[in-house]
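A short write-up of the structure that comes next.
Read the figures in this text as sums done on the coordinates, not as results from a lab. The model shown is predicted, which means the values in this text are computed figures rather than measured ones. Quick reminder, even Gly has a Cβ in these numbers, built from the backbone with ideal geometry, and neighbours come from all protein chains shown.
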Amino acid sequence: MNATLTQDILEHHLERAQREIAFCQNCQPTENGKRVWRLGIPVKMSELLAKLKIPPADLEYVAESLECNNCSAMLDLTATVGLRSRSERELEQYWRKWETQYANRFRDFDDFLVEYPALGIQHRLGQQLFKALGELPRREIGATFYYSARKMASSLAPTAEDFNPPPCPPAGGQHHSAGQQAYVLMESDAGGAREVLTGEEKVVWVQKFQCTRCKGILDLSRQLAESPSPLIEHFIYGLCYRGALRAGESFNSDASAYRVARFLTDCARLHGFTGIRTKSAKHHANKLVLFTWPTDAFEPEGEPYWFDLRTAAAANP
Ligand SMILES: [Zn+2]
């Protein structure tokens, strides 16, 4: 083997190993004066390099040529490094694909909706999304608990009735335009609080509900890879991750609008879905947005309670 070829192979080993190292010991936080491993799956450098089939003769050279991708600390064969989890790797793949294949198409669609908010169906991507959404199954949400959070104008404690769906939403939201019926519920009280609190606000009233059964739901909360259409997978990704299609961080400067999310909702309504279950872009809890609901679908479970995000955050992320 000549010297150039050997160097090429070494560079190749280095590149493969470098991609794996998301975090190192240096990146880990300290709690009560002790360093605790929180970021990445910890693996000894020697084990990682053996798994990548780096020849024993090159181990030391490769290890000492690597650095942490997060903090740039230099590493060696005795280091412990943090690897990304499988779901983090998958999300990274989605991000790369989003950037190369989807970002421009959605940007163009979003630009179109700025000009013609009610005519998304006239755009080519709008037509494709409408068709793909119509082919998704109608799912049933089984009996479970949901939470509604409200900021109250009055200083008096609210009653469960105060959390009933509003007869007609006065203004548009992420999943409805002004005048459309929508009842937004979350799958955790912390999620409900995060959904409505803004800025430095930390406390809010929450009501727990026992949900009986909801049929005909467009369920976009499932794992991305479970979606039958790559377009829908990336649509969900754009809506829920990295803020790519989220108001406030959207492609255009109009932070007040939820153009693409509202287009999604209108498609779902027209296809006859009764609601959407989706990941929130603000937190980890799922969100249920109902367009229509039987009067007995939700039974209040106890009284409304005062929920403090600061004390509940650790136990209920
Ligand atoms: Zn590091």
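Between residue 47 and residue 61, what is 0.36 nm times their sequence separation minus the Cα-Cα distance? Round to one decimal in nm.
Numbers: separation 14, 0.36 × 14 = 5.04 nm, distance 1.51 nm.
Between residue 47 and residue 61, full extension yields an extra 3.5 nm.
Report the gain in length on full extension from residue 310 to residue 34: 0.36 nm times residue separation, minus Cα-Cα distance, nm rounded to one decimal.
Working: separation 276, 0.36 × 276 = 99.36 nm, distance 2.33 nm.
Additional length available on full extension: 97.0 nm.
For the stretch 44-58, what does the Karplus curve 6.51 cos²θ - 1.76 cosθ + 1.60, with θ = phi - 60°, yield as ³J(HN,Hα) per residue in whole Hz, taken in order and with x for Gly and Pro?
5, 3, 4, 5, 4, 5, 5, 5, 7, 6, 6, x, x, 5, 9
Would you mind checking which residues have amide H under 5 Å from residue 301's amide H? H placed 1.01 Å from N; only 5 or more apart, or other chain.
Long-range HN contacts for residue 301: 208, 209, 210.
Would you mind telling me which residue in 43, 114, 204 has the biggest mean-square fluctuation in a Gaussian network model of the chain, where springs connect alpha carbons within a distance under 10 angstrom?
Taking springs between Cα atoms under 10 Å, the residue moving most is 43.
To the nearest 500 deg cm²/dmol, what mean residue ellipticity at 222 nm is calculated for the chain from DSSP H runs of n ≥ 4 alone, each contributing -39,500 (n - 2.57), summed and divided by the residues?
Details: 10 runs with 103 residues, N = 317.
For the chain, the value works out to -9500 deg cm²/dmol.
In a Gaussian network model over the chain where Cα atoms closer than 10 Å are linked, find which of 72, 155, 188 has the largest mean-square fluctuation.
Maximum fluctuation in the GNM of the chain, among the listed residues, is at 155.
Relative contact order of the stretch 56-131: what whole-number percent is it, with Cα pairs under 8 angstrom and at least 6 residues apart? Mind dumping the intermediate values first?
Values: 36 pairs, mean separation 11.0, N = 76.
Across the stretch 56-131, relative contact order equals 15 percent.
Please report the relative contact order for the chain, taking Cα pairs under 8 Å with a sequence separation of at least 6, and give it as a percent rounded to a whole number. If you can, show how the numbers build up before the last one.
Numbers: 508 pairs, mean separation 55.7, N = 317.
That works out to 18 percent.
Nearest 0.05, what FRET efficiency do residue 99 and residue 131 give at R0 = 22 Å with Cβ-Cβ as r? If you can, show how the numbers build up before the last one.
Values: r = 25 Å, r/R0 = 1.11.
FRET efficiency, residue 99 to residue 131: 0.35.
How far is helix 230-240 tilted, in degrees, relative to the longest principal axis of the Cα atoms in the chain, given as a value from 0 to 90 rounded to the nearest 10?
The angle comes out near 80 degrees.
Taking just the alpha carbons, could you work out the radius of gyration and Dmax for the chain, both in angstroms?
For the chain, the Cα radius of gyration and maximum Cα-Cα distance read 24.2, 82 Å.
Considering just Cα atoms, how many Å³ per residue does the convex hull of the stretch 62-155 enclose?
327 Å³
For a test of the definition: using alpha carbon positions, the gyration tensor, and the 1.5 limit on a/c, classify the stretch 133-215 as rounded, prolate or oblate. Working shown, then result.
Working: a/c = 1.77, a/b = 1.44, b/c = 1.24.
It comes out prolate by the Cα gyration axes.
With a ≥ b ≥ c taken as the square roots of the eigenvalues of the C-alpha gyration tensor of the stretch 3-84, please select rounded if a/c is under 1.5 and otherwise prolate if a/b is larger than b/c or oblate if it is not?
Details: a/c = 2.62, a/b = 2.40, b/c = 1.09.
Note, shape of the stretch 3-84 comes out prolate.
Just to verify a number: FRET efficiency for residue 73 and residue 292, C-beta to C-beta distance, R0 = 45 Å, to 0.05?
Numbers: r = 55 Å, r/R0 = 1.23.
The calculated FRET efficiency here is 0.25.
Choose one answer from 276, 54, 217: the residue with the largest mean-square fluctuation in a GNM of the chain with alpha-carbon springs under 10 Å.
54
Quick one: if you stick a label point 7 Å off each Cα along the C-beta vector at residue 180 and residue 8, how many nm between them?
5.6 nm
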